[in-house]
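Trainee: This is the structure I have questions about; it appears just below.
The values are calculated or read from the model by the stated rules, or taken from the named source; none is laboratory data. Bear in mind the structure is a predicted one, so any value in this text is a computation, not a measurement. Backbone-built Cβ (ideal geometry, glycine too); neighbour counts: all protein chains shown.
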Amino acid sequence: MTEKYEFIDAQYASSSGEENAPAITQMCGWLNVSPSGYYDWRSRPESDTAKRMKLLKIKIKALFYANDEAYGYRRVHAALVRGGEQAGDETVRKLMREPGLEPCQPGPWRHSLTRQGPSGPIPDLVNRDFTSSPRGQDGRRYNIYPDLGRMALSGDRHRLRDPEDNRLGNGR
């Protein structure tokens, strides 16, 4: 019922200067509430819960803006609890959502503080020569460890060959 009464009150306040504005009794009829209930609601004092929620909303806004708009409802709730305020985290969440208090979200992590341009060739600072002939001296493809023997790659098998007698060495 309170929502309907608040809606009638807001509509009446926004259209009070217009000559074709509907009367309160007409709006109450549209929303199926009694005009006496509306006037009774309007004359009631503010409840203790409403006063507490209003005060809590002020504290939440103060904490939110004091922390550079970075605190979400969990941190705001924890700060309120540390300050001695008793409020549930969902209450804090609801009260932050009403005025649109949304914490800033951290952006994606950047590897560098400066913007990089398109990458070019990488300079060779030690002047190494990484070019190789397609075949080694004896016709095999690679000569990785000259003092251990030649490594022949044939299919999926890697074999160490003894260069002197061309037999398999160190395992089969």
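Trainee: Residue pairs, Cβ under 8 Å, 6 or more apart or interchain, first in the range 60-72 and within 17 Å of K94 (Cα to Cα) and in the same structural domain as G83 (by TED's automatic domain parsing), second assigned to a loop (DSSP other than H, G, I, E, B) and hydroxyl-bearing (S, T, Y). List them.
Mentor: Hits for this filter: L63/Y71; F64/Y71.
Trainee: Scan the range 34-46 and give yes if some residue there is surrounded by 11 or more Cβ atoms within 10 Å (Cβ to Cβ) and closer than 25 Å to L95 by Cα, otherwise no. Steps first, please.
Mentor: Here is the first cut: in the range 34-46, the residues surrounded by 11 or more Cβ atoms within 10 Å (Cβ to Cβ) are 34-35, 37-42.
Of the ones still in play, those that are also closer than 25 Å to L95 by Cα are 41-42.
The answer is yes, given that some residue of the range 34-46 is surrounded by 11 or more Cβ atoms within 10 Å (Cβ to Cβ) and closer than 25 Å to L95 by Cα.
Trainee: Okay, next question. Report whether or not E102 is within 29 Å of T2 (Cβ to Cβ), under 28 Å from the mean Cα position of the chain (by Cα) and in contact (Cβ under 8 Å) with a residue 40 or more places away in the chain. If you could, list the steps in order and put the result at the bottom.
Mentor: Values: within 29 Å of T2 (Cβ to Cβ): yes; under 28 Å from the mean Cα position of the chain (by Cα): yes; in contact (Cβ under 8 Å) with a residue 40 or more places away in the chain: no.
Considered against the rule, which asks whether it is within 29 Å of T2 (Cβ to Cβ), under 28 Å from the mean Cα position of the chain (by Cα) and in contact (Cβ under 8 Å) with a residue 40 or more places away in the chain, E102 comes out as no.
Trainee: Follow-up. Among the residues of the range 1-31, which ones are surrounded by 10 or more Cβ atoms within 10 Å (Cβ to Cβ), hydrophobic (A, V, I, L, M, F, W, C) and within 44 Å of the chain's Cα centre (by Cα)?
Mentor: Keep residues of the range 1-31 that are surrounded by 10 or more Cβ atoms within 10 Å (Cβ to Cβ), which gives 1, 4-12, 14-15, 21-31.
Imposing the further condition that a residue be hydrophobic (A, V, I, L, M, F, W, C) reduces the set to 1, 7-8, 10, 21, 23-24, 27-28, 30-31.
Those that are surrounded by 10 or more Cβ atoms within 10 Å (Cβ to Cβ), hydrophobic (A, V, I, L, M, F, W, C) and within 44 Å of the chain's Cα centre (by Cα): M1, F7, I8, A10, M27, W30, L31.
Trainee: What are the residues in the range 68-108 that are part of a helix (DSSP H, G or I) and aromatic (F, W, Y), if any? Please lay out each step first, then the result.
Mentor: Here is the first cut: in the range 68-108, the ones part of a helix (DSSP H, G or I) are 73-82, 89-97.
Answer for the range 68-108, where residues must be part of a helix (DSSP H, G or I) and aromatic (F, W, Y): just Y73.
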